[in-house]
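Every number in this text was worked out from the coordinates using simple rules, so none of it is lab data. Treat the numbers as computed from the prediction; the structure is a model and nothing was measured. Every residue, glycine as well, gets a Cβ built from its backbone with ideal geometry; the counts of neighbours run over all protein chains shown.
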């Protein structure tokens, strides 16, 4: 009995719990973690609230607040504008994208660093992938422009849209209309 009580006293006696202390080496104490989380969150909220207790007196402060809110919506609306521009005037858009294709790579890197610093959690690899994607897209521009030109020629209001070209069978089909029994009946009724 003395040995067992000595081992138990060593493990749990003197205000200590060796089993718990050993387990906390491998797994975080959930109760202590929750207490730390509450402390951190309350400190963050206190700091956040203190930022808004500073009186904004001048127009400069209001201007800077507005300026800080501008880049994200401007980038989002600008990107949507590029999609609209690509559909409305493909030639204008293609010319602008050709200009972007001429931007040297170090300048893309610099833009990537600035955007990464401003927005955070952006990586240089993303910008390089974007540049590669833009280059790949630009390779498709001649095909897209040829397709658009072909579509323009197919419009019913373009000159020569009804031209049969060198297709003799099509020319004969166009000049000799099909029989229309309803039209023949109508003509007979009008003559009677």
Practice task
Give the calculated FRET efficiency between residue 87 and residue 154 to the nearest 0.05, with a Förster radius of 30 Å applied to their Cβ-Cβ distance.
Solution key: 0.95
Problem - Gained length - residue 36 relative to residue 180, 0.36 nm times residue gap less alpha-carbon distance - result: 43.1 nm
Practice task
State the extension gain, in nm to one decimal, for the chain segment bounded by residue 114 and residue 168, taking 0.36 nm per residue of separation less the distance between their alpha-carbons.
Solution key: 13.0 nm
Handout entry: Footprinting exposure proxy for 140, 176 (fewest neighbouring C-beta atoms within 10 Å first)
Key = 176, 140
